[in-house]
Amino acid sequence: MTPRDYYEVLGVTRQAGEAEIKKAFRRLARELHPDVNSHDPAAEEKFKEAAEAYEVLSDAERRATYDRYGHEGLRSGGYAPNFDAFGSVADIFEAFFGGGAFGSAFGGARAGGPMQGGDVAVGAEIDLRDAARGAAVEVSYEAITRCEKCHGNGAEPGTPIETCPRCGGSGQLRAVSRTPFGQVVRAASCDTCDGDGRVAQDPCKACRGRGRKVQRVKVSVDVPAGIDDGQRIRIAGRGHAGERGGPPGDLYVQIRVRDDSRFVRNGDDLVTVVDVAAPLAALGTKVDVPLLDGSAQLEIPAGTQPSDTLVIRGEGMPSLRGRRRGDLRIVVNVVIPRRLSRQQRELFEQLAGTMTGENLRTDEGMFGKLKRALGG
């Protein structure tokens, strides 16, 4: 089933800012708390739906991908919600409120350990010929990269990094509050070290102490022979840089194969059409047919009928799975001559006068004729 629109789930417009999105999610999360929704069997799924919407819309990279490509774009980029790891909906709710993976939604602390960088999805266009031979294409995209000046630690080279005096290196500030359900301990990310537990005495001027910065990246991608339109290539480690020593994300390149005016692709086979005048189709002839590289002469047998298909073996697309190459299928379009000269008309009239039922006889039945005429 196609997921609902994330903006609709949270009840916000597409122009909503970060604060509005966070406020909308907090309101929904409280309404769907398991303690007050034990009577609603659908509450768990509603909460997971809202959590998934917030997870995407609160992340600038994922939100940009979703706005442009929708749910399919997120899946193509490798994103998939994984709330089953939390167990019950109460555990998920605790994760949101208690400083787990989504604790920032309620002001909770971020995880202090390494965090993997996000994935990047880009597109690249190639010709059908390049898809058949394989090619190297260069893609360019904006990515969060590690600052080369400070090597990702956020400090000017040669200056010390100290334990955060406000949180004592934990990266979290905790507060206890009373609620109708008892005492609740809430953990918030330290506003001094931003949850890292350490602070640079002299922040790096190149990245302003963040340890990462956005820059345009160019990557050469090897496209394998036989790739089809819409298929993706994954390049490990070329996505956004990780945080606090975490590994980078991956790059996903979706290939768009441009239409070729000569061929239609059908799996590993290529299909083309050649026009043959009716008299030549009756007598038999030779015609030139296009190949991916160059052309070939094809013999049209005498008596060839409209839509008959001839095959040249091994002149299609290579297989990604290493099997044999596909075939080139040539559909014969028998053309009835128009705008005849006087001499041509006289010749056709002489021919028509000699026609008998034997010339028109075929072993094909009515059903077969209808099927072929309708393209079946």
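Laid out as a table, the results:
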| item | result |
| --- | --- |
| Top-ranked residue in the stretch 249-267 [being β-branched (Val, Ile, Thr) and under 17 Å from Pro318 (Cα atoms); ranked as surrounded by the fewest Cβ atoms within 10 Å (Cβ to Cβ)] | Val264 |
| Only one of Leu270, Leu292 that is under 32 Å from the mean Cα position of the chain (by Cα), surrounded by 12 or more Cβ atoms within 10 Å (Cβ to Cβ), modelled with pLDDT of 95 or more and not assigned by TED's automatic domain parsing to the domain that holds Gly237 | Leu270 |
| Residue tally, condition at pLDDT 90 or above, part of a loop (DSSP other than H, G, I, E, B) and among the aliphatic types (A, V, I, L, M), over the stretch 192-240 | 3 |
| Qualifying helices (runs of 4 or more DSSP H) (wholly inside the stretch 36-133; at least 3 residues being at pLDDT 85 or above and farther than 24 Å from Lys23 by Cα) | 128-133 |
| Subset of the stretch 235-249 [in contact with a strand residue (DSSP E or B) (Cβ under 7 Å, 6 or more places away or on another chain) and in contact (Cβ under 8 Å) with a residue 60 or more places away in the chain] | Arg238, Gly239, His240, Ala241, Gly242, Glu243, Arg244, Gly246, Gly249 |
| Filtered residue count, the stretch 46-71, keeping only those that are surrounded by 17 or more Cβ atoms within 10 Å (Cβ to Cβ) and more than 24 Å from Gly242 (Cβ to Cβ) | 5 |
| Those residues of the stretch 113-158 which are surrounded by 18 or more Cβ atoms within 10 Å (Cβ to Cβ) and polar (S, T, N, Q), in sequence order | Thr145, Asn153 |
| Residues of the stretch 320-356 satisfying the condition of being touching a residue at least 12 places away in the same chain (Cβ under 8 Å) and not in a loop (DSSP other than H, G, I, E, B) | Leu328, Arg329, Ile330, Val331, Val332, Asn333, Val334, Val335 |
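The values are calculated or read from the model by the stated rules, or taken from the named source; none is laboratory data. Only a predicted model underlies this, so the values are computations on that prediction, with no experimental measurement involved. Please note: Cβ atoms are built from the backbone with ideal geometry, for glycine as well, and neighbour counts cover all protein chains shown.
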